[in-house]
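The values are calculated or read from the model by the stated rules, or taken from the named source; none is laboratory data. These numbers come from a predicted model, not from an experiment. As a convention, Cβ positions derive from the backbone with ideal geometry for all residues, glycine included, and neighbour counts pool all protein chains shown. To get the accessible areas, we keep the full protein, side chains included, count just its heavy atoms, and leave off ligands, DNA and RNA. Shrake-Rupley method; radii C 1.70, N 1.55, O 1.52, S 1.80 Å.
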Amino acid sequence: MQESRYEAPKSRRKLVVGNWKMNGDRAANGALIDALRAGLEAGPEGGPDTDANGAAVALCVPFPYLAQVAGALDGSSIALGSQDASEYANGAYTGEVSVAMLKDFGCAYAIVGHSERRTLFGDTDERVALKAERVIAGGLVPIVCVGETGMEREQGRAEEIVAAQLDAVFERIGVAGMAASVVAYEPVWAIGTGRTASPEEAEAMHAMIRGHLAERDAAAASRLLVLYGGSVKASNAASLFGRDDIDGGLIGGASLVAEDFMGIVRAAVGTS
Ligand code: PGA
């Protein structure tokens, strides 16, 4: 019999992912990780429990710092991730970084299809799908980013654009791939702009995403983590994460400041 039960949203454990983008240096990274570990791992009095019932936390760092951050996170419950991955396995692809290399450094996640990759570096829907497929085959979890531009929203095409971006990926990776992925809804007009989608706008899109994917497989869609990204701050995180279909966040600017990022993690734990 086909599994069709729609699980209670709260059964999904929240996930907060920092996306450092092209920022950081060895000294700043070391200080940031030290502060995060002190604040997030200090136990019930010192910080939220990110191990058991709390939120899961990951940091997606620039490639050159994977080794440094992997070392600094040794023994930590904070997971490591990359901001991209090659769609190729290995070989003559100058400048590319393979999923096997990411795995070698202990990465658990790889962001694919971030809007900055799509708009500035030519990542098409097709390439994003190939990358997601490669990431899953390599045993990592792809964080598949989707989102409309301001213009597309004004034209009333936001849902259509996001659904098409999802279809391009999930046509290729199928239901098994969906079960192994995380989706991040990041409206392009909200990224780095200080203009966050309202909790209502974000929840409407998240519910659309889950509903759209439920047409492929209701059980996998009900378990899928759908993160929100775009100017998330400690001050607006709880109102976003409190919504039924928002399972955490993909955090850019605020992930570079320990107090700001920890405030967002606390909001995720508080709404779990
Ligand atoms: P932001 O970036 O939090 O700085 O808006 C989010 C992202 O691009 O992932």
Theoretical gain in end-to-end length, Thr193 to Tyr88 [0.36 nm per residue, Cα-Cα removed]: 34.5 nm
Nearest-0.05 FRET efficiency for Asp25 and Glu201, computed from C-beta distance (R0 35 Å): 0.45
Taking the C-alpha atoms of the range 185-263, convex hull volume expressed per residue in Å³: 83
Length released on extending from Phe63 to Ala179, taking residue separation times 0.36 nm less the Cα-Cα span: 39.1 nm
Cross-link partners of Lys14 among lysines (Cα-Cα below 22 Å; sequence separation of 8 or more within a chain): Lys233
Neighbour-limited loop hits for trypsin sites (Lys or Arg not before Pro), the range 169-272 (at most 14 other Cβ within 10 Å; DSSP other than H, G, I, E, B): Arg195
Accessible-area ranking of Met151, Met208, largest first, probe 1.4 Å: Met151, Met208
Among Ala108, Gly211, Ser86 the positive-end extreme of the charge dipole of the chain (Cβ point charges): Ala108
Computed lengthening from Ala38 to Ser11, 0.36 nm per intervening residue step minus Cα-Cα distance: 6.9 nm
Descending principal axes extents, the chain, alpha-carbon based, whole Å: 47, 44, 43
Whole-number D in µm² s⁻¹ for the range 84-234, Kirkwood Cα-pair radius fed into Stokes-Einstein, 37 °C, 0.692 mPa s: 209
Value at 222 nm in deg cm²/dmol, rounded to 500, when DSSP H runs of n ≥ 4 in the chain each add -39,500 (n - 2.57): -13000 deg cm²/dmol
